[in-house]
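Below: one structure, written as structure tokens.
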Amino acid sequence: MDDNHDDLMLEVSILTYDSRLEDAKRLIDLASRNKETEKLLSACSIVLMATVLEQVTKTIISKEAKSYAEKYELPIAHTPQMVYLNKSLRSRMFAIPELMSSGKYTLSNSNRHIKMLHEIISLRNSLVHMEDDTYLEKVGDGNKLNVTINHLNKDNGNSISIEGIALPEMPWSSISLPKAQLCCEAIEKYIREIVDVYWDDPNSVDKDGIINSDLVIEF
């Protein structure tokens, strides 16, 4: 450009969270039409929903940190927003409306949709952080064991099945389709009434969309 003019800078945000949410909804639709893999597909949709939460919270907080750093000429690592970025997903989920409203609003833990957002995070944690465990259970009386042990041959994997001990249900086979549908309803509302409102006008301090949402309460 001419030396007598200031350089222009264009900031472009490429958002893909809608695509991930649509992927989760497609998995739920598949689950509704496939009874055999219903719970597995429902579990997969939960992981995608949590991924959406991770994505939108980190993206907004990072943008706020960058704007603050540019305004006050600070290294981005020294901005107050970076404190949120290093916290848990639950904390970041709450931080978004707080940052958007300059601390006037926060999520309402009594709201049924917010409870389901907590459920998404808890379920995601149980799915991706699970580990095989050793289960101990008292069986029989005295020295008598009421357990049948079936030894399978090597052609079948040389495995052992134990009849008489009830093992807990594994996380990947424990999530019902109705639970996944409720979780999806909750995250769609969070996206629509908070995240999308932010991207409509990220430079606004007071957002009527936040004020009118039953997901939030005043501090």
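The values are calculated or read from the model by the stated rules, or taken from the named source; none is laboratory data. All values derive from a computational prediction rather than experimental measurement. Neighbour counts are summed over all protein chains in view; Cβ atoms, including those assigned to glycine, are modelled from backbone coordinates with ideal geometry.
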Exercise. Do any residues in the range 55-78 that are charged (D, E, K, R) have Cβ atoms under 8 Å from those of residues that are in a helix (DSSP H, G or I), where the two are at least six apart or on different chains, and which pairs are they?
Worked result: K58/L85; K58/R92; E64/Q81; E64/L99; K66/I76
Exercise. So which of E119, E64 ends up being of a type in the set (D, E), modelled with pLDDT of 95 or more and on the phi < 0 side of the Ramachandran plot?
Worked result: E119
Exercise. So how many residues does the range 97-115 have that are at pLDDT 95 or above and crowded, with 20+ Cβ neighbours inside 10 Å?
Worked result: 3
Exercise. Is it the case that the range 167-182 has a residue that's farther than 30 Å from A31 by Cβ, modelled with pLDDT under 90 and loosely packed, with under 12 Cβ neighbours inside 10 Å?
Worked result: no
Exercise. Do we have K58 as in contact with a Lys or Arg (Cβ under 9 Å, 6 or more places away or on another chain) and surrounded by fewer than 16 Cβ atoms within 10 Å (Cβ to Cβ) here?
Worked result: yes
For this session: Answer yes if at least one residue in the range 30-49 is modelled with pLDDT of 95 or more, under 18 Å from W199 (Cβ atoms) and buried (at least 16 other Cβ atoms within 10 Å of the Cβ), and no otherwise.
Result: no
Problem set entry | Single condition R92 does not satisfy, out of (1) basic (K, R); (2) touching a residue at least 40 places away in the same chain (Cβ under 8 Å); (3) surrounded by 19 or more Cβ atoms within 10 Å (Cβ to Cβ) | (2)
For this session: Could you grab the pairs with beta carbons closer than 8 Å, sequence gap of 6+ or different chains, first residue in the range 195-215 and over 25 Å from R112 (Cα atoms), second one loosely packed, with under 12 Cβ neighbours inside 10 Å and modelled with pLDDT of 80 or more?
Result: V205/S102
Exercise. Which one is farthest from A186 (Cα to Cα), of the residues in the range 44-90 that are assigned to a helix (DSSP H, G or I) and among the polar types (S, T, N, Q)?
Worked result: S67
Problem set entry | Top-ranked residue in the range 172-182 [being hydrophobic (A, V, I, L, M, F, W, C) and more than 15 Å from S126 (Cα to Cα); ranked as farthest from the chain's Cα centre (by Cα)] | L177
Exercise. Which of the residues that make up the range 199-219 are at pLDDT 70 or above and hydrophobic (A, V, I, L, M, F, W, C)?
Worked result: W199, L215, V216, I217, F219
